[in-house]
1. Is there any pair linking a residue in the range 52-69 that is on the phi > 0 side of the Ramachandran plot and in contact (Cβ under 8 Å) with a residue 40 or more places away in the chain to one that is surrounded by 18 or more Cβ atoms within 10 Å (Cβ to Cβ) and part of a helix (DSSP H, G or I), with Cβ under 8 Å and at least six apart or on different chains, and which?
2. Can you tell me which residues in the range 277-326 are part of a loop (DSSP other than H, G, I, E, B), under 18 Å from the mean Cα position of the chain (by Cα) and surrounded by fewer than 17 Cβ atoms within 10 Å (Cβ to Cβ)?
3. Given the structure, is residue 80 without any contact (Cβ under 8 Å) to a residue 24 or more places away in the chain and over 28 Å from residue 242 (Cα atoms)?
4. If you go through the range 245-264 one residue at a time, do you hit one that is in a loop (DSSP other than H, G, I, E, B), in contact with a helix residue (DSSP H, G or I) (Cβ under 9 Å, 6 or more places away or on another chain) and either surrounded by 16 or more Cβ atoms within 10 Å (Cβ to Cβ) or in contact (Cβ under 8 Å) with a residue 40 or more places away in the chain (or both)?
5. If you go through the range 210-217 one residue at a time, do you hit one that is touching a strand residue (DSSP E or B) at 6+ places or on another chain (Cβ under 6 Å), modelled with pLDDT under 95 and surrounded by fewer than 23 Cβ atoms within 10 Å (Cβ to Cβ)?
6. Here are some residues: 102, 110. Which one is touching a strand residue (DSSP E or B) at 6+ places or on another chain (Cβ under 8 Å), under 30 Å from residue 254 (Cα atoms) and crowded, with 19+ Cβ neighbours inside 10 Å?
7. Kindly evaluate residue 57 against the criterion of being surrounded by 14 or more Cβ atoms within 10 Å (Cβ to Cβ), modelled with pLDDT of 85 or more and either assigned to a helix (DSSP H, G or I) or in contact with a strand residue (DSSP E or B) (Cβ under 6 Å, 6 or more places away or on another chain) (or both).
8. How about the range 178-197: which of its residues are assigned to a strand (DSSP E or B) and surrounded by 16 or more Cβ atoms within 10 Å (Cβ to Cβ)?
């Protein structure tokens, strides 16, 4: 542990390089103009079902940010399929279909899950790729019993709290066969659901969402060393200032205290009867001692691997985007 801390200290004291240097910058209005003629295919009722707690996404946001993004993805899918056909023809082998994989990374409470759900809905309504699956890395967390045995409950969400090899094997299988299976995670129970699995069956697009998806890697059963990002066609990082994310995290926690935490099966049911002051103090402690550290040490450094960085302002509204390697 001392060696790890020493290495981390050296990294923190090393000269910083702007990981957005060289990226093409798009103010919101400039990005919105890239929508072209893409139609709006969701309604306010759809958004009401797709929004996360305290994430006020609007139809204007969908039009300005998501529709240009779906157009970009659609163009990339067409190009990827064309390249695959050329390669298959060159090798004289039967054409093989594999999903186009979109990764969405970023801090807790930054809006990744809402973005993933909205993007899935929009992409599934394009005529050329109606089957879009969404997988979150929560299903690759170790069970709570394992985390407790290893003393990792206060490191939940950190790379060491995941079954990384299982995640890599899943991505490898999906990319090569189009099929895969992963455990189901319950946010209510804060644990994996025993015996429950999500099946991925030949999607046109797979959206893979999680905290550290651009950072973690492992050795496969075949002995090859991979990072998760080796399997992504497009990597998106959802960005915001840390003070804004911390405030969103607190607001979300208080919303859950008044709703889901009241369920006796909730892992945080003990907070349901707490005063507002007690709940705030508890949430701020979780942010300060777990989530802020994970953001600084693991999540934010992975932004350098993203193809597209989407930066939000204090009100959750996307203000600008940065594109590279595309």
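The values are calculated or read from the model by the stated rules, or taken from the named source; none is laboratory data. Keep in mind it's a predicted model, so treat the numbers as computed, not measured. All Cβ positions, glycine included, derive from the backbone under ideal geometry; neighbour counts span all protein chains shown.
1. 54/248
2. Correct list: 317 only.
3. When the stated conditions are applied, residue 80 does not pass them.
4. yes
5. Within the range 210-217, one or more residues are touching a strand residue (DSSP E or B) at 6+ places or on another chain (Cβ under 6 Å), modelled with pLDDT under 95 and surrounded by fewer than 23 Cβ atoms within 10 Å (Cβ to Cβ).
6. Details: 102 fails: under 30 Å from residue 254 (Cα atoms).
Just a single option satisfies the conditions, and that option is 110.
7. It is false that residue 57 is surrounded by 14 or more Cβ atoms within 10 Å (Cβ to Cβ), modelled with pLDDT of 85 or more and either assigned to a helix (DSSP H, G or I) or in contact with a strand residue (DSSP E or B) (Cβ under 6 Å, 6 or more places away or on another chain) (or both).
8. Looking only at the range 178-197, we keep the residues that are assigned to a strand (DSSP E or B), and these are 179-186, 191-197.
Answer for the range 178-197, where residues must be assigned to a strand (DSSP E or B) and surrounded by 16 or more Cβ atoms within 10 Å (Cβ to Cβ): 180, 182, 183, 185, 191, 192.
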